[in-house]
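Below is one structure, written out as structure tokens; the observations come after it.
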Amino acid sequence: MSDLVGDARAWSPDAQEAVRLLAVSALVEGRDRVEVATLFKVSVKAVDNWWAKWRAGGRDALLSRPRGRRVGEHQVLSEAEQAAVRQAVLDHIPSDLGLSGQLWTRGLIGELIFKLYRVRFTEPGVGKYLKRWGLTFQRPDKRAVEQDPEAVRVWCEETWPAIRARAKAEGAEVLFGDQVGIRSPQVTGHTWGEQGQTPVVRRTGNRFSVNAMSAISTKGRMHFMVFTDTFDAQVMCRFLARLVGHFDRKVHLIVARHSAHRSKAVRAWLADHKDQVELHFLPSYSPELNPDELVNADLKRSLPHTHRARNQAELAAETRRFFHRRQRQPHIIRGYFGGPHVLYTLDENPMSF
């Protein structure tokens, strides 16, 4: 504060506010203005100024105010222009608007602003606007360009509710299933190490893999099969046979449109067991609609932290251990259905996707 002298100039705003209040209190009690100035090590002019403010506005006039410009003051872009840029970033990718790339960066947003309003911004300047607009830098979800949004909508709003209603009327069980492959060299995640020195993770140089098929329900049930041969129609039939053996009622199994799921051999097997199991197919190119995909992601995250498999048999054993562990954790299995893109499975009135 410019009226303060000596050490008082370095005081915090709260300390300066306290001095003003104490000085005015002393004046109210009848102390002389020169005496008050000397007591608080400020100028007489400062004391007179505080006294005038207090008489005009009371205690509130002496309180500290935030320094700097008010929010939104002297911004280059108007509120309407800011809203237009923000909505463009949310509704489009750069290539939609004649820019390069599919992901927004501060530089590309700066180019968009220049294209629209002929105003140049630095990247930090763009960053300040982004923060003000409530936008953060995020990893985007990926969607296949071949995905049909209308097919996704029909699945979520019509097909899935119909399957659920049928299963409820039949007293049947509904599960979501998927297959996954695990390779030996796979190491994911991060670890701690000395700055500038990349940590080394030792793993086998041999290449081998195993596969697994699993199925989960909203009740927290999980069924799985680990195998080393290629996933095909025969493997699918084997999994279906094992699956229905665990139930004394019909099973509705929802899977992706893998060629093995729709093969002639599987269709023939299902025809012979139509009272035990029925397959339903998710829309094409829509893995995010299958909660069992989250099981696969969980498996691939978990194994590198625990396994030291040196051969295929050890990798298969580690994979089985993961599934057995999850079978004893039904709360985690139910949690797979809480993912943002699979919440429709729990909603009695699913929203449009």
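Please treat every number below as a calculation from the coordinates, not as lab data. Quick caveat, the model's predicted, so the values are computed rather than measured. Heads up, the Cβs are rebuilt from the backbone with ideal geometry, glycines too, and the neighbour counts pull from every protein chain shown.
The phi-based Karplus calculation (6.51 cos²θ - 1.76 cosθ + 1.60; θ = phi - 60°) puts the 3J(HN,Hα) values of region 25-41 at 4, 5, 5, 4, 6, x, 6, 6, 4, 5, 4, 5, 4, 5, 4, 9, 6 Hz, whole numbers, x for Gly and Pro. Here the 3J(HN,Hα) profile of region 154-161, calculated from phi with Karplus coefficients 6.51, -1.76 and 1.60 at θ = phi - 60°, is 4, 4, 5, 9, 10, 5, 4, x Hz, Gly and Pro shown as x. Amide H contacts of K250: E173, each under 5 Å away and 5 or more positions distant or on a separate chain (H built 1.01 Å from N in the peptide plane; Pro and chain starts excluded).
Under a model in which nothing but the beta-carbon of Lys, Arg (+1) and Asp, Glu (-1) is charged, region 203-291 shows a dipole of about 100 debye around its Cα centre.
So how far, in whole Å, is the C-alpha centre of region 16-42 from the one of region 250-264? Comparing the Cα centres of region 16-42 and region 250-264, I get a distance of 84 Å.
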